[in-house]
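Some notes on the structure that comes next.
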Amino acid sequence: MKRNFLTSTKQAGYSFILSGLALAISTSSWAATSTFVLQEQQPGFCSVDGTIDSNNAGFTGNGFANSKNATGAMIKWAVNASESSRYTLTFRYANGGSGNRKGTLLLNGGTNGSYTLDMPSTGSWTKWQTVSIDVDLVQDNNNLQLTALTADGLANIDSLSILGAKTSAGICGAVSSSSSSKSAVSSSSVALSSKPAVSSSSVALSSKPAVSSVAASSALASSSKPSNSSTSSSSSTAPSAPHKTRVIVTSDGEIDDECSLVRFLLYTNEWDVEGIITTSSQYHWQGHNWAGDNWQDRYLDAYEKVYPNLIQHDPAYPTPSYLRSQSFLGNVKAEGDMEKASAGSDHIVKVLLDASDPNPVWLQAWGGVNTIARALKTIEEQHPERMQEVAGKIRLFLIWEQDKTYQDYIRKVWGKYNIPTIISDQFITLGYWWEDWDFPAEIAPYFEKSWFSENLLVNHGPLMALYQADKGAFRSEGDSPAFLHTIPNGLRSTESPGWGGWGGRYKLVRENTWLDPVPVKGYTYPAGRWYTTTGWGRKSLRDNSATQDQYREYFKPITRWIAVMQKDFAARADWTIKPYKDANHEPKVMLGHAADLDVKPGDLVELSAMGTYDPDGNKLSYTWWQYQEADSAESEVTIFNPSAKTGVKVKVPDEPGKQVHIILEVIPTANIGHLRN
């Protein structure tokens, strides 16, 4: 894991950084294959939410796994693989019911892949047949979890066969070191959960005088928490998979915060949500334009109503009771209030001091920074010997500096620890001011009433009904970039703000602080706060001092993804009301090689999306393109065969020590309804 995501990841060469389940699979890995069969009550079979039965003839071994008839019922196995490679899993099953039994198969909690397994009716509980699926296992231990997506549960599973390189029984519950380490053949799939509308993978190509080893990247923002996919709404255990990004939200409850929370809740399956905390800001505090101490409760109540439907699409959604257990009132008495500790600040302290989890925590300030500052003040006062350790965990994403506490306290006292910090002014792309400039015509429809109401608001259930639109059109989600930055959509934005993602792209300005790239030659950033009166975008909109071309360049790091983000939002809004078969789900992007490739100038590098598939059975289109804004190289490269799944080639330019980033977009081309827009 690259702990310092704010420094260059390559000292020399080009690196193609392809996000995804980046497995470098050579033909030699298929040279010798073997078949290993896992039976119930034998090593490698871990558990079933149900029973091991032997009352239906035709089974092999000691019996078969009979899961409960319930959505979320699980069967678990553990497999030890001799090498990271592609394997064929074959499930022998019987389904005497009238309908298909569908499940989600997670590898290592989803870190190394998520697949949909469909088990059609066999006509009888004594009639057995097989269904196979190709997956990418990592070297060492692999945990396999099959979770029912329907109320009928899973089919009866007789055995699981694994065809490929040598495999054996694994250790139940153990996490493979290969699933999260930086190795030649595997990278964490946290960097890949590609989205329904456009699944993207980001590639960086590193050119060296001589070829060095191929290295796959692993995502920075990861968590080692054990997986818990319980579907009981009474559970207070977070259903978080290993290596998920850890996030804590602090919000002042403004209308745009409330709109952002709706979208945020639809993505909670992607993170370890470790806090939803109310704070104050320069605009809102108790007694002044205040939404209430418990303003988020009605949104969590609505989430509880749609939760049973959401887990049909991904059992990783956290239970409503878990999210409530992570909701606290922070420092809210006044703007910049940090005099005394609060329940919210104490919770942040608890999370940061938890030595059992050293992984980064993204602290998001949707409002003021004061509750975060109070938490750090408590640590300074009570645990000064642990300040450096705690600082190493923190990643800050601030939507402006909506009070003085970052400058007056955090930067002064904690600045020596160089905490990675993003302060965004680009967020106004999604703020109240989106109509104050010449918004690009190609993306404006996704904010206008005709598309917005039809695809998000009308007949989309109780959670979307709370979305505070502007007469059916988009109003504001100014705080969404803080969490959009951490969505694992394949762009690997958490590894460097300079690479960019749905939450914008940023420039290192001072210390370890990243601000918005201003399209003015020779621009001098202010020494203090970056907020409403100093942030270039908001200031220039107020005094009308910029050209439309400058606005387009300034906001492009976010506007370029608007269509993708809105289509993805619409797909997830459908998840709140539609069964799995009637909704759209993200293509699963796989790579036929590592994510990071070190190459020589003049090399003709071949790229491949081998193994990529659509869980809904749609045909897919592929587009490979150069993301020049993220490059350190200046050359424009030629991509040969850019719309192919495999056989794509790029010639490495002669710029040793530089990077070129290539994006792969994977789009369903049929049966996708409104997403076809």
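The values are calculated or read from the model by the stated rules, or taken from the named source; none is laboratory data. Computed from a predicted model, the values in this text were never measured in an experiment. Ideal geometry is used to build each Cβ from the backbone, glycine not excepted, and the neighbour counts take in all protein chains shown. Surface accessibility is based on the protein's heavy atoms, side chains included, excluding ligands, DNA and RNA. Shrake-Rupley method; radii C 1.70, N 1.55, O 1.52, S 1.80 Å.
Leaving ligands, DNA and RNA out of it, rank 352, 508 by accessible area with a 1.4 Å probe, largest first.
Reading off the accessible areas and sorting them downward yields 508, 352.
I need to check one value: relative contact order of region 319-421, counting alpha carbon pairs closer than 8 Å and at least 6 residues apart, in percent.
28
In whole Hz, what ³J(HN,Hα) sequence does region 367-375 give by Karplus (6.51, -1.76, 1.60; θ = phi - 60°), x for Gly and Pro?
Coupling constants for region 367-375: x, x, 8, 5, 5, 5, 4, 5, 4 Hz.
To the nearest 10 square angstrom, what accessible area does residue 616 show with a 1.4 Å probe?
Roughly 50 Å² of residue 616 is accessible to a 1.4 Å probe.
Given H placed 1.01 Å from N in the peptide plane, which residues other than close sequence neighbours of residue 394 have an amide H under 5 Å from its amide H?
Correct list: 361.
Starting from the residue with the highest accessible area, list 452, 59, 45 in decreasing order, probe 1.4 Å.
Correct descending sequence by accessible area is 59, 45, 452.
Going from most exposed to least, what order do 46, 172, 259 have by accessible area with a 1.4 Å probe?
Highest to lowest solvent-accessible surface, that is 172, 46, 259.
How big is the shadow of the Cα convex hull of region 496-566, averaged over all directions, in nm²?
That works out to 5.5 nm², a quarter of the Cα hull's surface.
Need the full-extension length gain, residue 161 to residue 298, defined as separation in residues times 0.36 nm minus the C-alpha distance. One decimal, nm.
Here the answer is 44.6 nm.
Please give the solvent-accessible surface of residue 475 in Å², to the nearest 10, using a probe radius of 1.4 Å with every protein chain present.
70
For the pairs 166/588; 68/581; 333/449; 68/567; 412/507, note any where the Cα-Cα span goes beyond 32 Å.
333/449; 68/567
HN-Hα J couplings of region 577-584 from phi, Karplus 6.51/-1.76/1.60, θ = phi - 60°, integer Hz, Gly and Pro as x?
Computed from phi, the couplings for region 577-584 are 10, 9, x, 3, 5, 9, 10, 9 Hz.
Hey, how many Å between the Cα centroid of region 507-530 and the Cα centroid of region 412-489?
Each part's Cα centre sits 23 Å from the other's.
Would you mind giving the three semi-axes, in whole Å and largest first, of the ellipsoid equivalent to region 352-465 according to its Cα gyration tensor?
Working from the Cα gyration tensor, I get semi-axes of 38, 18, 12 Å.
To make sure I understand the rule: partners must be aspartates and glutamates, Cα under 15 Å from the Cα of residue 539, and not fewer than 8 residues away in the same chain. Which ones qualify?
Result set, ordered by chain and number: 401, 425, 436, 516.
Amide H of residue 590 versus every other amide H placed in the peptide plane: which residues, excluding those fewer than 5 positions away on the same chain, fall under 5 Å?
Those qualifying (amide H under 5 Å, at least 5 residues apart or on another chain) are 612, 613.
Given H placed on each backbone N at 1.01 Å, which residues far from residue 648 in sequence or on other chains put an amide H within less than 5 Å of it?
Long-range HN contacts for residue 648: 607.
What's the center-to-center distance, using Cα atoms, between region 43-63 and region 635-657 in Å?
About 51 Å separates the Cα centre of region 43-63 from the one of region 635-657.
With the alpha-carbon atoms as the only input, what is the per residue convex hull volume for region 530-604 in Å³?
Output value, Cα hull per residue: 240 Å³.
When all C-alpha to C-alpha distances in region 62-121 are sorted into bins of 10 Å, what percent of pairs does each bin hold, rounded to whole numbers?
That works out to 16, 51, 27, 6, in percent per bin.
Express in whole angstrom the spacing between the alpha-carbon centres of region 253-269 and region 102-167.
34
Report the accessible area of residue 492, computed with a 1.4 Å probe over the heavy atoms of all protein chains in place, in Å² rounded to the nearest 10.
Taking all protein chains as shown, residue 492 has close to 10 Å².
Given the C-alpha atoms of region 403-513, compute the convex hull and give its volume per residue in Å³.
Cα-based convex hull of region 403-513, divided per residue, equals 154 Å³.
How high is the relative contact order of region 72-167, in percent, counting Cα pairs under 8 Å that sit 6 or more residues apart?
It rounds to 48 percent for region 72-167.
Tabulate in residue order the Karplus-calculated ³J(HN,Hα) for region 42-58, using 6.51 cos²θ - 1.76 cosθ + 1.60 with θ = phi - 60°, rounded to whole Hz; enter x for Gly and Pro.
10, x, x, 8, 9, 6, 9, 6, x, 9, 9, 10, 9, 8, 10, 5, x
Rounded to two decimals, what is the ratio between the C-alpha radius of gyration of region 25-139 and 2.2 N^0.38 Å?
1.13
Work through the residues other than residue 63 whose Cβ is under 10 Å from its Cβ and net out their charges, Lys, Arg +1 and Asp, Glu -1.
Taking every other residue near residue 63 into account, the sum is -3.
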